[in-house]
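First comes the structure, then the notes that go with it.
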Amino acid sequence: MKFDLSENEKPQTGGSTCRLLKLARNPEMIIYNFSRIVSNMRKTRLLSELYLDPERAHEELWSRRSFLRGARSAAIMAIARAGIPYFRFMPAGLLPIAFARAAPEEILAEKGALRLLNDSPLSAETPAHLLDDEVTPTDRMFVRNNGLPPKTTDTASWRLRVEGESVMQARSFSLADLRREFETVTYQLQLECGGNGRNEFRPRAAGNQWSTGAIGCPTWTGVRLKDVLTACGMKQDAVYVAYRGADRHLSGDPEKLPISRGVPVSKAMEEESLLAWGMNDEPLTPHHGAPLRLVCGGWPGSVSGKWLTTILVRDRVHDGPKMGGGSYRVPCEPVRPNTSVPAEAMCIIESMPVKSLITAPQSGARVPAKRSFEVRGHAWAGDHSVATVETSIDFGATWKRASLAAPANRLSWQRWHTQVLMPTQGYYELWARATDTLGRSQPMLVPGWNPKGYLNNATHRIALLAS
Ligand SMILES: Nc1nc2c(c(=O)[nH]1)N[C@H]1C(S)=C(S)[C@@H](COP(=O)(O)O)O[C@H]1N2
Ligand SMILES: [Mo]
C-alpha cells in the first residue's frame with residue numbers, strides 16, 4: 001500500500017530533522033505531528049481498516065517497515081521513541097491517543113478531548129480528569145455506538161411508536177405530542193457502559209478496551225417512560241419494556257438492528273426512567289441519540305436506547321439483538337478465568353456496581369509534599385446511593401474518609417472531596433474506594449472475570465509525584 005505525504009500535509013513535519021528532534025522535547029508537538037500524519041493517512045486508507053487488525057495497525061504505524069519512510073520517517077520515529085518514555089512497553093495494537101484527531105470530523109469538533117477507541121462504530125471515552133464537572137458537559141460525555149447513527153434525525157417528523165404484545169393500545173407520538181401530553185421533567189442521571197474498565201481484565205476480554213472513561217452524568221430532559229406506558233396501558237402479562245432505534249447495522253443490512261435491549265417493567269416504571277430529548281438543557285446531539293432516547297440511569301448504558309423509534313411492551317424477557325448470549329450478561333455464578341460459559345448460565349446485568357473516580361488532580365500530576373491539597377471525584381452505585389468514599393496514599397494500608405455530597409436526585413453520581421497530605425517527596429499512588437448503602441465496597445483488584453469483561457469496579461488509582 002502507498003502513503004503519500006504530500007507537501008501541504010506536513011507543515012509541522014516540514015522542517016529539518018534537527019528541528020524535529022528539538023520538538024521531541026515537547027510532547028504536545030509530538031502528538032500534533034502524529035495527528036497531521038494520521039489525518040493525511042486517512043485520505044489513503046480508512047482508519048477503521050486499521051482497527052480491524054490491531055496487530056497490523058501497530059506494524060504499519062510503528063515498525064521500521066511502516067508507512068513513515070525515509071528520512072522524515074526516521075526523524076518521526078526518533079521523536080516517538082524519545083518523547084514517549086515507555087515507548088518500548090506500548091502494547092501491539094495500541095493506537096496513540098493522537099489518533100483521536102483523525103476521527104470523524106463531526107465528532108471531533110464536538111469531542112476533541114476524548115480518547116477514541118474505535119471510529120466505526122464510534123466509541124470514545126473521557127479521561128478521568130476531564131470528568132471533574134459536577135454535571136458532565138456534553139462534549140465530555142463518552143460515546144458508544146453499536147452501529148451507524150441514522151442519517152436523518154428530524155425532530156419535527158420523528159415518531160415514537162409504543163407497541164408490543166403486552167400493550168393495551170398501541171400508539172404513535174410525535175415529540176410535540178409527548179411534550180403536550182406529559183409532564184416534562186429533568187434529572188441528572190449517570191450513564192455507564194457495562195464494559196467500562198474492560199481493559200483491566202486478564203485474560204483479555206474482547207470488545208472496546210474502555211479504561212475508566214465510559215461514564216458520565218449529564219442532565220436529561222424529557223417525559224417519564226412511566227407516564228407514556230400508563231397512557232397506552234399495559235396488560236397484566238407485561239414483563240419487559242424494550243426499545244428499537246433508528247441506527248443502522250454495520251453490515252448495511254437494513255433488516256438488522258445493531259442493538260435492541262430493554263428493562264423489566266419495574267425499572268421502566270421508575271420516576272427517573274425517561275424518554276429524553278434534551279441533554280444539559282440543549283437538544284440531544286446526533287451521537288447521543290437525537291432527537292429522542294431512553295435513559296434508565298444506574299443500569300448498563302446499553303439499556304438507554306438512542307434514536308428511539310419504538311418502545312415495545314413485551315410479555316417475556318426481550319429477545320432483541322444483544323439481549324442474549326454473552327451480551328451484557330455475566331456468569332450467574334463466579335467462574336475461573338477463561339471459562340467458556342453456556343448461555344443458560346449467564347445472567348442479564350441489571351443495576352451497576354458501586355464505583356468511584358478521582359477527577360482531580362490528574363494522574364501524573366506534581367503535588368506539593370508536606371502540604372495538603374484537594375482531591376476530588378465522583379462516586380455512584382447503580383440503583384443505590386453511595387454511603388462513604390475513602391482515599392488511601394499507602395496502597396490501601398490506611399484509609400481516610402472523604403466528604404461526600406448527596407446526589408442531585410436518585411441515580412445521579414455524588415461529588416466527594418478531601419484534603420490529602422503527602423508526608424515526603426516521591427511517587428505516590430492515590431486510591432479511592434466507595435461503599436454503597438448496602439455495605440458493598442469496591443474491590444482493590446479487578447473483580448470476577450467474565451467472558452465479555454463487564455462490571456469492573458476496582459478502585460481507581462492515580463499516580464502523583466510529591467515534590
Ligand atoms: N440505538 C442505540 N442505542 C444505544 C446504543 C446503540 O448502539 N444504539 N448503544 C448503547 C450503549 S452500549 C451505551 S453504553 C449507551 C451510550 O450512550 P452515549 O453514547 O450517549 O454515551 O447507549 C446505548 N444505546
Ligand atoms: Mo455500552
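Observations
- Remark: residue 310 falls outside the filter, which requires a residue to be open to solvent by 10 Å² or more (accessible area, probe 1.4 Å) and either away from ligand 2 (no atom under 16 Å from the Cβ) or over 20 Å from residue 149 (Cα atoms) (or both).
- Single unsatisfied condition, residue 199 versus (1) within 16 Å of ligand 1 (Cβ to nearest atom); (2) within 17 Å of residue 268 (Cα to Cα): (2)
- So residue 143, is it of a type in the set (A, V, I, L, M, F, W, C) and more than 16 Å from ligand 2 (Cβ to nearest atom): no
- For the residues 275, 257, the requirement of being buried (at least 24 other Cβ atoms within 10 Å of the Cβ) and either within 15 Å of ligand 2 (Cβ to nearest atom) or among the hydrophobic types (A, V, I, L, M, F, W, C) (or both) singles out 275.
- Among the residues of segment 363-392, those identified as under 16 Å from residue 458 (Cα atoms) and not aromatic (Phe, Trp, Tyr) are 377, 378, 379, 381, 382, 386, 388, 389, 390, 391, 392.
- Residue check for residue 348: away from ligand 1 (no atom under 16 Å from the Cβ), crowded, with 20+ Cβ neighbours inside 10 Å, touching a residue at least 12 places away in the same chain (Cβ under 8 Å) and within 25 Å of residue 207 (Cα to Cα): no
- Some residue of segment 355-362 being free of Cβ contacts under 8 Å to residues at least 60 places away in the same chain and surrounded by 20 or more Cβ atoms within 10 Å (Cβ to Cβ): no
- Checking 229, 250, 175, 225 one by one, the residue that is touching a Gly at 6+ places or on another chain (Cβ under 8 Å) and at negative phi is 250 and no other.
- Of all residues making up segment 325-359, the number that are modelled with pLDDT under 95 and within 16 Å of ligand 2 (Cβ to nearest atom): 2
- If you filter segment 106-131 down to residues that are charged (D, E, K, R) and open to solvent by 40 Å² or more (accessible area, probe 1.4 Å), you find that the one that is farthest from residue 362 (Cα to Cα) is 106.
- Cβ separations smaller than 7 Å between residues 6+ apart or across chains give the following pairs from segment 290-316 residues that are more than 7 Å from ligand 1 (Cβ to nearest atom) and part of a strand (DSSP E or B) to residues that are modelled with pLDDT of 95 or more and acidic (Asp, Glu): 310/163; 312/163; 314/165.
- Test result for residue 285, farther than 17 Å from residue 220 by Cα, more than 16 Å from ligand 2 (Cβ to nearest atom) and surrounded by fewer than 22 Cβ atoms within 10 Å (Cβ to Cβ): no
- All told, residue 183 meets the bar of being more than 16 Å from ligand 2 (Cβ to nearest atom), open to solvent by 10 Å² or more (accessible area, probe 1.4 Å), free of Cβ contacts under 8 Å to residues at least 60 places away in the same chain and more than 17 Å from the chain's Cα centre (by Cα).
- Cβ pairs under 8 Å, 6+ apart, first in segment 142-157 and in contact (Cβ under 8 Å) with a residue 40 or more places away in the chain and open to solvent by less than 20 Å² (accessible area, probe 1.4 Å), second assigned to a strand (DSSP E or B) and of a type in the set (A, V, I, L, M, F, W, C): 142/124; 142/215; 143/122; 143/124; 145/122
- Residue 149 vs. criteria within 16 Å of ligand 2 (Cβ to nearest atom) and modelled with pLDDT under 95: yes
- Residues in segment 428-455 that are open to solvent by 50 Å² or more (accessible area, probe 1.4 Å) and either without any contact (Cβ under 8 Å) to a residue 24 or more places away in the chain or within 29 Å of residue 203 (Cβ to Cβ) (or both): 8 in all.
- Condition met for residue 276 (more than 17 Å from the chain's Cα centre (by Cα), assigned to a strand (DSSP E or B) and not aromatic (Phe, Trp, Tyr)): yes
- All of (1) open to solvent by less than 30 Å² (accessible area, probe 1.4 Å); (2) more than 16 Å from ligand 1 (Cβ to nearest atom); (3) modelled with pLDDT of 80 or more hold for residue 87 with one exception: (3).
- Selected residue (only one of 425, 414, 419 is surrounded by fewer than 18 Cβ atoms within 10 Å (Cβ to Cβ) and closer than 21 Å to residue 129 by Cβ): 419
- Here 213, 207 are screened, and the one residue that is on the phi > 0 side of the Ramachandran plot, within 15 Å of ligand 1 (Cβ to nearest atom) and of a type in the set (Gly, Ala, Ser) is 207.
The values are calculated or read from the model by the stated rules, or taken from the named source; none is laboratory data. Bear in mind the structure is a predicted one, so any value in this text is a computation, not a measurement. Cβ coordinates were reconstructed from backbone atoms using ideal geometry, including for glycine residues, and neighbour counts include every protein chain displayed. Protein only, heavy atoms only, side chains kept; ligands, DNA and RNA dropped before computing areas. Shrake-Rupley method; radii C 1.70, N 1.55, O 1.52, S 1.80 Å.
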